[in-house]
Structure formats: C-alpha cells, structure tokens
Amino acid sequence: MTDWNILFDSTTNFVILLLVVSTFSYSTFKLNRRQASRPLSYRIFFSSLNLIFSLSVLGLLLQPSFPSSEPTLATIYIANQGNLPKELKSNEYLYLKDDVELEHDYLARYRQKIIYQPEQVLLKQPTLKRLLIIGDGLLPSQLAQFHHLELSIQPNPVTTGVIYPSWQPNLDAGSQLEFSATFQSGDQSIYRVKLINPAQQVEDEVSVINGDDFVLNALPKVTGNHLYQLVISDQTENVVNEQSIPIVVNQSISAKILIVQSAPSFESKHIQNWAGEIGAEILIRTRISKDKFMTRSTNFSQPLKSKPQFLISEKVLTQFDVLVLDARELQFFDQQEIGNLAKAAKDGLGIVVRTDGSLSSEDSDQLPDFLSRFGIKPITQVIRVDLIAHNQLDDSRIFADSVLLSAEPLFNIQKPVKHLAPLIVTPQGYVVVAQKHYGLGKISLSVIKQSHQLRTSSQAKAHSQLWSHIIENTARAYNAPEITIENEMGIILQNHKIDLCRESDPLTEKQSAAESSEIDFSKSNMKIKEAAEIRTLNLSSSLTSVKVDLRTTIMNSRKHCGSYWPSASGWQKVIVSGIDRYFYVHPANSWLAAQQNTRLNATQTRIATWNPATFESDHQKPINDWYYWLLIVVCSSLIWIERKFWSNQ
Amino acid sequence: MINSLLLTYKKTTLANSLIIAISLGLFVFTSVCWLSNTLAINAAIASIVVSLIISLRTKQFLKISSRDFLEHINRSCPEYQESAQLLEATNGLSTLQLLQKKKVEEQFRKDLTTGKLQVLQPQVKFFTPFLLLIFSLINFSLGDELRSLFESYNSQNTNSDIATNQDKANQKNSPTPTLISHKIDIEFPSYTNKAPISSSQLDIEALQGSNIKGVIEFSRPELEYFYSRSGKPPTAMTRQQSKFTFHDKADQTALYKFSYKAQDKLVELDGIYTITVIRDTAAKVTIIEPRTTLLEFGKSETPRFSINANIKDDFGVSDVKILASVAKGSGEAVKFRDKIFRFKATDITPQENLSTKTSGYFQNANYQKSWSLNELQMEPGDEAYFSLHVLDNKQPEHQLSKSSSIIVRWLDDDDIELALEGIQIRFVPEYFRSQRQIIIETEQLIADGKDFNRDKFEEISTDLGRSQSDLKQKYGQYLGDEFGEGQGAQLGLADGYHGGETMSSGEASAGLDQADQKNDRDSHSGEEHSEDHHLEQDRHSQNNQLDDSEHGHQHHDDDNSASNDLSGAQQLIDQFGHKHSSIEVAPLSSKDPKSWMKMAVNEMWQAELHLMMSEPVKALPYEYQAYKYLKLARQAERIYAKRLGFEPPPVSEERRLTGELKAILEYDLVQVDSTDSDSDSELFRTTYQMLNKLEALREPVLTEEQQSTLSNTSQRLLALSEKRPVLVKYAAISEKLALAKTLELKNCDSCASDLKAKLWQLIPTPLSRPMRANKRSNINDGLRKRFIEASGDAL
C-alpha cells in the first residue's frame, strides 16, 4: 500500500481526509466504550469494519490510483503471406493485413492475439509504452495512432520487386507511357523486367540488379482503359513477380494552330501535314510578296472570315491556342501587330518563334520588345546534336531513341539565362528550345533546324513527339476541372483509403472563395458541396454504385474532397457533377515490394523523428468504484446488524 | 402374454432390419453423391426399400410365430421342461398336462417378473450399421476427389471428337440440325505429285489450287443443306444417302459455313470454319559463287570465272535460264546484246536424296557453269550482266524467280575505274528495303507466333535469319567485312580477295575501312607527311611489299601500277594502304556513312544470331538498330547529293526589273485532312475500343451496330489474310462474335481476348498530337490577370 499515490493537490482533498479520519477515530472510540465487555477479537473485528468503511468512503471521494502492474511492452507481427510467426507469446499480436490469409488452425489457436487494425493493440494493452514492430512496418496513418509510444522495428527480408513505381495513369492519345521504378531484391542476381502490352507482347525490357533505377517505355495505340503488365523474371526465365499497370488513354483536344511565315517552308508544310492528319485545326499564312499572302486552312469547320492581312489582330488571335512564326516574319510586323501579339500572349496565347537560321545576333536586336527580352545572343556555330532531348519540366524523355537534328544552340544549361526556362536540352547540355512566361501565355524560341527531315527519313513519330512537346508546353492552357485521386501508398489498393477530390473551375464559379475577401473556414469545412458516385466495373461483381460526400477543404475552397475505401479490385469509375474519371483498384496483395518499402520508410522515419520527452508519463490505474461501493454496503450492513442486535446484550 | 412377447420380438427384429437398411441407404448415398445428388437420393431410397423388403421376406422373419416362439422358450429355458406350449393350450388337457401347465405358468409368471424372458428377445445389432457408417464417412471424405476425377474424365470425353451414341440420339431429336460427323478430302494440284489427304478438321489448310471435298452428316438428313463460302452465293450440297457433300477449290483464304432451308429461307447453322490457302513459294535462288556481285578483270587477265548457284523449290523446278546481257561501248554509243543460256545435265548436282526431278530439274540442286568472256565475244572495256531466271512447276502459271545480277567488267587499261569514290550505298538499293522487310516479317512472326506450331515458327525464323545473313554479306562486301569463309578470310582480308589473283579496285576498296580504322588508332594523318616522304615510303613499300602488314601509310600516286603488278602485291598494299587521291582517305568519323554502315552490319550479326536460334523477339531490337544506322548512313550520304534547285521560267525583257507585283495573286486554300487516312487501322481501332468496353460488362449483348462493326472487321481481316493466312482465324472469330451477338462463345473462352490482342498488333503506332495544355494552378485567371495588369510591362 506504500505505493498509493493519493493526490493532495487541493485543500478539499485534505479536508475530506481529515473528516474521514476523524469520523473513523470517533466511531472506533465509541465502539470500544460501548462494547467494552466484549472480547478483544470482537472489538477488533468491528473496528476493522469501521476502518474499511472509512477507507472506502475516502477512496470513493479521492479516487486514488496505482501504478499499473500491467506490461508496457508489446510486439506486433506484421506478417507477410507464408511468413507467419510460429507462436504468439503473451504481449505479442499478429496484425492481419488484407493481403494475408491464415490457416484455420492458426486462426483458431490465436484468435485472441490477432488484430485487424494495429491500433487494436491499444485496446488490448492500454498501458502500452513501447511497441516493437516485427515485419514491414506501418503506414503513416496507422503510425499516427501510436504517437505517444516508443517504437522499434525488426524489418522482414526485402521482397523482390519494384519500389517507387511511377507512371502516368492518365495519358493523352499518342503520348508515351513511361514507367519508372527502382528494383529491389534480396540478392545481387540479375533479373529481367519486361513491360508487356495488352496484346501480351513485350514493349520494353531491361536487365536489373538490386538498387537499379530503370525506365520502360510503351506507346498505347488505342484510347480507353488498358492493363499493361510488368513482369520480373530471373535468369532462368521464371516469373518472380507480375504486376498490372493500368492506364487510361484519353482522346485529347487538339490545339488550334496558326502558322505565320515569311516564305514557304518545308518545316511548316510538314507541321501542317502532321497536325492536319490528326484532325487539328491549322491555318498557315505565307507571305509571298511584300503585302500578298497565301493562306491554307485545314480542318476548319467554318472558314475564318478575316483577310490574311488582318490575321494578327486581337480578335483572331484569341481564336487560336498557339502561334508558330518564323523570326524573319516578325520583322514585317507593324507596331499595331506587335501590340496585338503582346496582348494576345498576355491573355494566354502560346507563341513559338522558329528561328531556323534566320535569327542572327543583329536580328535579335531588331526583334519586338517582348521577344528581345529573351536576351539571347545565339551561338552562331551550327552543331549537329544528338537529341535524346530531355524535357526539363518533368525530366522525362521526349524521344525513346536518339534523334539527330541540326541546331544552333541558344545557351548551355550550365550557364542559365535569367527568366528563361530550358524546354528541350540535348544530352550535351545545349538548350535548343527555351521558354519564358509572358502574362498568362508562354513564348518559346526554337533553334532546331529542319526538323521536317525526321518525317522524310521515316521518323514521323519522332517529328510528332518533338512538335507535340513544344506545342503542349506553349499553347494556351485550359483550366479544366478535374478529379484527383490520392492515397498514402501511391498505388490505389483494395481496402486502403483513397481521397477523391474535385477542383472546380473558377471561371464557372463566379463566387470563388479565393476572390472573396473573407473565407469562413468553419462553414466551408463542414459544407457538403457535392457527391461523387463510384461505380465498380469488374466482371466478378454486378455493377454497384457507391455515393461519397465531398466536403470543401480548409486550404482550398474550390477543392472538395471525400474518402473512399474500395472493397473490390478492378476498374472503377468516379462521377462528380457530370465529370467522370476511371481508376483501377489493385488487389490488396499486389505491389508487395512497394508496399513494404512505403511501410518501412514511414516507420523508420517515425522512429528517427520521435521525441520521447514529449510523451513521458506514468501509467496509473484507478480502482474501480464498484469495489468501494461494495465494501461500503457490506461494512455498513454488518455494522448496522451489530448495532441492531448485539448492542443491547 | 405370449402374444405380447411375440410382438416385441417381431418389433425388435424389424428395428434391426430398419437400422441396417438405413445404414445401407446412407452408405449408398455417400457412395454416389459425388456423381449426382439426385441419383444418390434415389439410389439410397431404393436400397433402403430393397433391404427392408429382403429382410421382411426372409425365412427368419416369416417363421416368427407363437409356436416357434414357445419352442424357442423350451430351447432357451430348461425350467419349462419342454412344456412351454402348454401355456397356450386351453382345452382337452390331461390331468398331468394340467399339473404341468400350472407349473409352467408359475414359472412363466415368475420369469416375467424377474425379466428372464426378456433375454429371449433378439438384441439390437449395431455392428453392421456401425461398419456401414464408417464406410459412409470414408466415402464422404473421398467425395471431392472422386468428383474431380469424374469431372476431368467427363471433360476429356466432351472434348473428344467422337460423339457418344447418346449425344447422337439427342442431336437427332433436336429441331435445329447439327453436325454429327464430317470428313474433308483435300486433293493437291497434280504438279505437286502429292497424294490426297483426309482430315477430320473443318478448319482446312490447303495448298493453293487444291480441290476440297467435304462429306458432312447432319442430325436431320431430311432437310436440304447449303454450303456458303464468303464472297460467293450458297450452293446446295449433294445428298448421298444420309450424308451431304460439297466441293470447292482452295483459290483464296476464306470462311465458310453451312445453312439449311426452312420455310423457303436459308437458316445458318452455328459454326464458321476457315479455308486457309497456303501458297506455293517461288523457287529460291542463292548465288554461291562468285561471292561478290561485281567481278572485274584487267585487260591482261584471263577472263574466266564460274557461276555456282543453289536453286530450291517446294515442289519442283521447270526451267532454269541464265540471262546474259553484254554491253559494248560507252556513253550514248553503248549497245546491248542479250543471250540466254541453259545448264547442261552435267552441271546439275542434286542436294537432297529425296529431291524429286521434274522436267530435268531437281527440287533442290546446285548449278555450276564456267564462263570465258572471250566465248561471249566480249572485249576489254565491255561489261556483262548475268542473272538466273528460274521457273517453278506451279500450274497453271509458273512462278518466276530471279537472282541478283552479277556484273562482270573486263576493264580496259585506260579506264581502270576507281569505283569507290564515295561508298555506293544505293548500289543495291533493294537491300535497304530488305532490312525493313525483315523487320516487318519479324514483327509479323512475333505477332503470329502463337498461331504457328514450333516447327513452322523455327522455319520462318531461320529463313529470316538467312535473309539477314544475305543482307549482312551484301553490305559487308562493300565494307571489308569478314565472314570466316573463303580465301580472304585467312588473311583477315575483305571478302572477294582471291589470293594471288589480280584484285580489282572494287575489291580492294573493301579493305579500306580496316586501313582507315588503323589510321584512327595510330592517330596519324596523311597530311603530316611531305610528298618526299611519300615517295620514300613508296619505294620502301615496293621493296618490302608483303613483309610488313602494318604499313598503313604507303601512298601511291600512280594507280596504273596496280594493273602492272601481276603478282597482286600492289593490290594487297592498296588493301591496307590509302590513297590521297581518293575521297576515302579521310579517317572514319561519326558522320561517315561508312561507319554507320559498319555499325549496321555489326547489329545484323546479332540479329542473324537470334533469328537463327528462333528468338525473333531478341533479334528485333538489333534489326531496328541496324535499320536505324542504315538510315543514318543514308542521311549522311545526302551531304554529297547534288541538289537540284527550282528553275523559274525565263522572264521576258518587258517585265524584267520593273518591280511590278500586280501579277502576284493572293489565294486561299481550304482543305480537310482525313483523320482516318488508313481505314483499316481506324476500323481495327474502333473494334478494339468496342471489345474493350464490352469486356467490362457482364453478359454483354451486341447491338446491331456493333455486329456490323465486327462483320466489317471480319471482312478486312479476311482480305488481309491473303497475305497473312493466320489472320483468317481472327476473321472467323470476328464473324462468330457478330453472329453470336455476345463475346462469350461456346467452347472458346479466349476468342474475344485473342481477337483483341491481334487487333492491337494490327493497329499502327499512333503519332503524338498537338495538344492543349491543362493548367493545374490554384490561382485563378482573374486574380492572375489583375496581378499582370498591376505589374504592367514588367513581365
């Protein structure tokens, strides 16, 4: 009883204690006097009853607590399939993930030891102070439940597979699928990783060893939902791992292109051929004399009514997404046209200036004001560059293979020019297409010469990739409302939470919170803006539909998010306000290496960053009130009987 | 009392029988339940009933009567002194009997109270039911295994072509006729000398021109049946007793089906079958000798050479001709004279034991003929072009195969041609296309791989490997490649170098690469040497000639020395040296077309290796790489190409220098580019998208539009199958899906996915599109505009 920790932290407690002790002393005194003739044992017994009664009352009023005698350390096994602990001792628990199935015997034997959520261990052992995790670790959301515990981990051996997988789940038709990942294995053997298309043909493959980063490319041929396969095989061609790579290929909206040139050129002709074949609207105006023009419009449903001389007007330019012009043509523009061009660019028009040998240092000085701010003094030496061409914006490759083109490099990436972003850079570091923002629009300067040679040498694909890249990154941007799907794993897995968000278009929502002077967080946070409907599309189950409420987020009032736990794997479709998006739910037992890596990294980060001082506290256990009441009732009853029946004797 | 005891006895016996019958029923049920639950229940009930009837009809049961029961008491209880019958006797008893009866009755009453008579009752027997129960449990536990065994056995039987009599009976009772049996006879064209064959497969593979006869037995022979082949009207089948016959000719790949007449309408039967036409391949001509396509003889040389070729055909060769064209003179005065020669019987050596002989020629034979240019009435300065023309025995029209041309030049001393000023990449232009063709065929082979059996796959792959090898050699001979064969190989020289023979400049050029590469390694350049030094080197080289193979910098300012040097040593020096007068002295650089071509040849080696090992998937990257290098070589070559500019019409004196621009007119052209320039790909793309969407649905039913799309796809695939016969299978699948109006075909679970995979292969790789960017910004345009306006031109 020495460990009792009665809190004398207030005067009230002290007064209560004093009263109870006084009452006890008085009642004991009275008992001894009244029953003086009784044997000593009799008196001791009833004095003890008085004492117990008093202590019970005291306990009930002061609620003292004990230091807990329960264990403070527990172990959670996070077992993978086929790697279960043989036995579970006391304070050891098995966290059963969705991807693991247990044998019936095992389940029956350790039913009490199996938990389905890691936080269940806290219910089993509320006094837990330290937790040992044996296995792959826990996800950040799970670790958040153990913020007050000291964690340690004994990781499992690594699973052979890919970690940090990354690809574009949504692609535009004609765009290349680029899958990148890091290979992980427990040994240093060579493995073969293949990317297999929906027709079961190998699209790309690479040999890897543990720790290798790799990139695999494929070009989806058709729009729609497709499942590529990533197959990892060992040297004996045994498949050790196979994963699905779902992609959705969308039919993108083509940019409206206006080409203005000082003279006919093969370059523009081939751009026109390429864009025209694909169905894009394209207009070419060619100067054939000082003020005479030849125009050729392709795929326009309604011909432009403007005369060729007045194409560079504010009204016409707003109808196009991108303007491609050669530098020499710029010198023909009068001040009004230059002004129109600058205004159109500020309003979002993309401008691609193609020098193609026509931009010399002297010409650069004569360029319109907004273009001369490029501040480029082009290198006059023409080099023949091997254009493996990295896109500097997202470090992805533009061409799968190297492409030879002539160019007069603008500058070297080692010596960057202020305000100028490199758009296409050769492996040697030469910038051949640079870009700057101008208002809402962008202006790109290309020094690539005669890219049409690609088309004439059976490399039409490379030509299309080059110009598609330049146009997409320059053309007028559209703020299309979109649905985003996020989760902490990076891969959408069955029974794992995903966050569905939809960002509304500010142009359609005039009363945007961003523009309002005050934002009421409390209201906006609680408001259900819209509901997302999610349809399951797999064959194994009938079409089901689930509603998810999307609520406005605190940080961005145009963004509405909701959570969803997909219970079935396969293709699913989310529909919000008439906008839909397909996504693929992977089975819980897929991407095991990536899952393991995510869990392990999160747990190790948590262990490394945890500050024990913040959470140091003693674990005390109060006595259940029922015991006090029971003792009070029993003791008072006996004392009452004694007073009632034996006092007179 | 006796009666009640007797009744108890009977009841107990009956209970025993019932327990055994039920146990037996359980045993029977568990023994049969894996086969069919209904059958098991019926069998169990039957066994219970039978068992009960048998038990109740046994003598043992029927003999249970009061007399026998009393006798049983007598046997079992001696206390009754064989007088138990007295218990039932009422009248006519003697005194003694009465006394005895009284005694027995007392004993009986006593036994009743003590329960001794209960012992006489039969015991309920549990042993047999217990055994049956054990066996039942064993049966039950084995049920799953038995069921799976039965199902596998059953499915094997289902897949078998032989229908059971029961099935046949069912088919005969069915109102819709079905095929009961079929036999296909294929008679090959007479020129093939192949015996007719019979097949039990309705999907027919036949050589072009074969006659097909099909004998079909339908379940309802009383009807009239028709044979419908794609693209042709249905023809009535000939009745032969209960069977029907159709005749057809395998002239093109097609689909066919059967129909019957019902109420004056043709009703199609389920099932679409294919006729895949295998084409007779033209004879294959391989020139073994000479190994180069260009032979040059000096004026003083003996102009003799021989042509050795291997000619192979799948069924036989009907004629082999040597076409020789002799060109005399030069420039506009050149005259051609054509002559046709034939091989004599002695020139022909059959290559295979089983090689059959038709029209004097063998199926596979080597043909060799020696030539002397003098006999062709040629003179120095003339050229002759030889080629082999081979007709196979295909009927009605023979197929002609031509060999590559062998060019023979008899050089005049005055015009020893420096044939290789600049590599003549276009000298054999058809081979550039061949690399592309090899890639196309390799891709086709990979795509169609699953449709070929292993032997066929290997055969095609090896064939492609040989083509790759040929191509490699064709390029190699211009680049000084080594092939490990021939006389030049031992010296590490160019192919075509013939030891001590006089070497033509064309052949000598083949080694220039090696010399050039050596130059690169030595980091020397010819310009570093003075002309005097050159002369000294020349003298030195003439003295040492063959002694020093490292002399990469010997220079020769007199090309005539090559023809004067009869030993051929000069040519050997040329082989390793280089000439400043030639363009080819320049060291190899990354922009040199020759270096690109050498890289291409290197890739071809690897491609050939994998093709020969029947690994087209591994070969394909090398093929592409080779193709890429060839393209780069061609691009590089363009540097030297003469460009022809636009020549405007002459301007008249009146208009000249007037600066008048009125005649220049503005014009506007509006055009619509067809987005579906390739209708096939667009159709295949649409069909693929349709199948992809339908697959996600449960039990999809095709709309009429979707059926029409599938039918169109089938037609296009059928048309394409003329060149790629494997596509006929997918044409059939497409047609079947259209007819079935669903993606789930009977006996073909993977049909729809197979078709999808094939369509994906057939769809060409798309081009990237000029897209609009999708902005992902949290700042809206209004805010941004305001900021831009506020900042003025600072942006």
Just the residues that are over 42 Å from the mean Cα position of the chain (by Cα) and either assigned to a loop (DSSP other than H, G, I, E, B) or surrounded by fewer than 16 Cβ atoms within 10 Å (Cβ to Cβ) (or both), please, taken from the range A:311-332.
A:LEU311, A:ILE312, A:SER313, A:GLN331, A:PHE332
Could you tell me how many of the residues in the range A:156-183 are surrounded by fewer than 18 Cβ atoms within 10 Å (Cβ to Cβ), within 14 Å of another protein chain (Cβ to nearest Cβ) and outside any strand (DSSP E or B)?
1
Under the condition of being hydrophobic (A, V, I, L, M, F, W, C) and closer than 22 Å to B:SER65 by Cα, which residue from the range B:94-113 is surrounded by the fewest Cβ atoms within 10 Å (Cβ to Cβ)?
B:LEU112
Residues that are among the aliphatic types (A, V, I, L, M) and at pLDDT 70 or above: does the range A:473-482 have at least one?
yes
Any residue at all in the range B:727-750 that's β-branched (Val, Ile, Thr) and modelled with pLDDT of 85 or more?
yes
Would you check which residues across the range A:441-458 are out of contact with any helix residue (DSSP H, G or I) (no Cβ under 6 Å at 6 or more places or on another chain) and facing another protein chain (nearest Cβ under 8 Å) and list them?
A:GLN453, A:SER458
Selection status of A:TRP591, within 19 Å of the chain's Cα centre (by Cα), surrounded by 12 or more Cβ atoms within 10 Å (Cβ to Cβ) and at pLDDT 85 or above:
yes
Every residue in the range B:374-400 that is surrounded by 20 or more Cβ atoms within 10 Å (Cβ to Cβ) and part of a loop (DSSP other than H, G, I, E, B), please.
B:MET378, B:ASP382, B:ASN393, B:LYS394
For the range A:308-325, what are the residues that are within 11 Å of chain B (Cβ to nearest Cβ), more than 21 Å from A:SER451 (Cα to Cα) and out of contact with any Lys or Arg (no Cβ under 6 Å at 6 or more places or on another chain)?
A:GLN309
Strands (runs of 3 or more DSSP E) fully within the range B:176-260 counting 2 or more residues that are out of contact with any helix residue (DSSP H, G or I) (no Cβ under 7 Å at 6 or more places or on another chain), of a type in the set (D, E, K, R) and surrounded by 17 or more Cβ atoms within 10 Å (Cβ to Cβ):
B:243-249
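Quick grid of which residues meet (1) away from chain B (no Cβ under 14 Å); (2) at pLDDT below 80; (3) touching a strand residue (DSSP E or B) at 6+ places or on another chain (Cβ under 6 Å):
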{"position": "A:ILE498", "(1), (2), (3)": "yes, no, yes"}
{"position": "A:ASP520", "(1), (2), (3)": "yes, yes, no"}
{"position": "A:ARG535", "(1), (2), (3)": "no, yes, yes"}
{"position": "A:MET555", "(1), (2), (3)": "no, yes, no"}
{"position": "A:ARG558", "(1), (2), (3)": "no, yes, yes"}
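With β-branched (Val, Ile, Thr), under 21 Å from A:HIS463 (Cβ atoms) and buried (at least 18 other Cβ atoms within 10 Å of the Cβ) as the only criterion, which of A:ILE271, A:ILE196, A:ILE245 stands out?
Values: A:ILE196 fails: under 21 Å from A:HIS463 (Cβ atoms); A:ILE245 fails: under 21 Å from A:HIS463 (Cβ atoms).
Unique residue meeting the criteria: A:ILE271.
With A:LYS305, A:LYS290 as the choices, which residue is at the interface with chain B (Cβ under 8 Å from one of its Cβ atoms) and loosely packed, with under 14 Cβ neighbours inside 10 Å? Steps first, please.
Working: A:LYS305 fails: at the interface with chain B (Cβ under 8 Å from one of its Cβ atoms).
That would be A:LYS290, the only listed residue that is at the interface with chain B (Cβ under 8 Å from one of its Cβ atoms) and loosely packed, with under 14 Cβ neighbours inside 10 Å.
Suppose the filter is of a type outside the set (D, E, K, R) and either under 30 Å from B:ASN453 (Cα atoms) or at the interface with another protein chain (Cβ under 9 Å from one of its Cβ atoms) (or both); does B:GLN706 pass it?
When the stated conditions are applied, B:GLN706 does not pass them.
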Restricting to the range A:326-350, and then to whatever is within 14 Å of chain B (Cβ to nearest Cβ) and touching a residue at least 60 places away in the same chain (Cβ under 8 Å), can you tell me which residue is farthest from A:SER297 (Cα to Cα)?
A:LYS346
Counting only residues that are over 12 Å from B:GLY143 (Cβ atoms) and of a type in the set (Phe, Trp, Tyr), the range B:22-46 contains a total of 1
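Of the residues that make up the range A:250-259, is at least one more than 13 Å from every other protein chain (Cβ to nearest Cβ) and either surrounded by 18 or more Cβ atoms within 10 Å (Cβ to Cβ) or not in a strand (DSSP E or B) (or both)?
The first filter runs over the range A:250-259 and keeps only residues more than 13 Å from every other protein chain (Cβ to nearest Cβ), leaving none.
No.
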Hey, B:LEU7 out of contact with any helix residue (DSSP H, G or I) (no Cβ under 6 Å at 6 or more places or on another chain) and either closer than 21 Å to B:ALA84 by Cβ or part of a loop (DSSP other than H, G, I, E, B) (or both) or not
yes
Pairs where the first residue, in the range B:743-760, is of a type in the set (Ser, Thr, Tyr) and the second is at pLDDT 85 or above and in a helix (DSSP H, G or I), C-beta under 9 Å, 6+ apart:
B:SER753/B:LEU691
Name every residue in the range A:393-420 that is more than 14 Å from chain B (Cβ to nearest Cβ) and either modelled with pLDDT of 80 or more or part of a strand (DSSP E or B) (or both), in order of residue number.
A:ALA407, A:PHE411, A:ASN412
Please specify each residue of the range A:546-574 satisfying the condition of being basic (Lys, Arg) and either closer than 24 Å to A:PRO587 by Cα or in a loop (DSSP other than H, G, I, E, B) (or both).
A:LYS547, A:ARG558, A:LYS573
Could you list all residues from the range A:184-217 that are assigned to a strand (DSSP E or B), within 12 Å of chain B (Cβ to nearest Cβ) and either at pLDDT 90 or above or farther than 28 Å from A:GLU472 by Cα (or both)?
A:ARG192, A:LYS194, A:ILE196, A:VAL202, A:GLU205, A:VAL206
Counted residues, the range A:272-287 - those being outside any strand (DSSP E or B) and more than 7 Å from every other protein chain (Cβ to nearest Cβ)
3
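Yes or no: the range B:727-735 includes at least one residue that is in a loop (DSSP other than H, G, I, E, B), buried (at least 21 other Cβ atoms within 10 Å of the Cβ), of a type in the set (Ser, Thr, Tyr) and within 25 Å of the chain's Cα centre (by Cα).
Just the residues of the range B:727-735 that are in a loop (DSSP other than H, G, I, E, B), to begin with: none.
No, the range B:727-735 contains no residue that is in a loop (DSSP other than H, G, I, E, B), buried (at least 21 other Cβ atoms within 10 Å of the Cβ), of a type in the set (Ser, Thr, Tyr) and within 25 Å of the chain's Cα centre (by Cα).
The values are calculated or read from the model by the stated rules, or taken from the named source; none is laboratory data. Worth saying up front: this structure is predicted, and the values here are computed from it rather than measured. Because the Cβ atoms are built from the backbone with ideal geometry, glycine has one as well, and the counts that use them run over all protein chains shown.
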